[in-house]
Structures are given as structure tokens and as C-alpha cells.
Amino acid sequence: MRSKGIAGGEPAIAWSELIKFKRTFTEPVLAMKEKNLAKNGIDAYQGRAKFRGSRSVEVGGEVLEGEKMAALCREFDVSRKTDYKIFHRYKDCGLEGLTDRSRRPYWQLALPR
């Protein structure tokens, strides 16, 4: 692990090397997600965002206007409940929240024998 940011002997972390190593497997994920979004007709924006109004945000010098949730629901033929669920997943987890999730239960009921 010496070239990955962790030195031998007395425990020490070389943060710059460790971050460089981390980025070798995290950066391709972002590129893959952006490629999938583009394939599905979704534009991805990167940069610092600044709110400019109740339904507008500026990212990288470009002002983006939002739509009301009801209009989006009609456009994509989804219920408001589903739309808000997706919105809150994105708000809480970013792009990672938009990936498919297992419907498998998180726990199993253990019955006595």
C-alpha cells in the first residue's frame, strides 16, 4: 500500500497519494453516470450553484429555470408521490440516489424452532 498513500513502519497517511488513489476508482463512476444521463436525454451540470429565484438556479454562468412539480408529473406520466420520492432521493443522496435500488427486504423475520 506504499504507493496508495499508506507507508510502512510507523503508521502514516500520505493524503495526496491516498486521494489520488481514491480518484482512480471514483472518477470513472461519475463519468459513467453522466454518460447514462446523456443517453437518456438528461443534461448534467457541474459547478457551484447559486439560487437566483424561487424556480431558477445558476450553474457555471448558465441560469436554469425549474418547472412546477405538477407539470413534470404530467409530462413524465408519474404520480406526485413517485416524483417527490425521486426528488427527495436526489436531494438526500445526489446522483447516487437515482440509481436502481433493490426491493429486497433489509431484514428477515427469524422464527423460533
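Observations on the structure shown:
- The residue that is surrounded by the most Cβ atoms within 10 Å (Cβ to Cβ), among those in region 15-41 that are β-branched (Val, Ile, Thr) and modelled with pLDDT of 85 or more, is Ile19.
- In region 60-89, the residues that are part of a helix (DSSP H, G or I) and either touching a residue at least 12 places away in the same chain (Cβ under 8 Å) or more than 22 Å from Tyr45 (Cβ to Cβ) (or both): Met69, Ala70, Cys73, Arg74, Arg80, Lys81, Thr82, Asp83, Tyr84, Lys85, Ile86, Phe87
- Residues of region 17-59 classified as among the acidic types (Asp, Glu) and assigned to a loop (DSSP other than H, G, I, E, B), total: 1
- Ser3 vs. criteria among the hydroxyl-bearing types (Ser, Thr, Tyr), at pLDDT below 85 and not in a helix (DSSP H, G or I): no
The values are calculated or read from the model by the stated rules, or taken from the named source; none is laboratory data. What you are looking at is a predicted structure, and each value in this text was computed from that prediction instead of being measured. Positions of Cβ are generated from backbone atoms using ideal geometry, with glycine treated the same way; all protein chains shown enter the neighbour counts.
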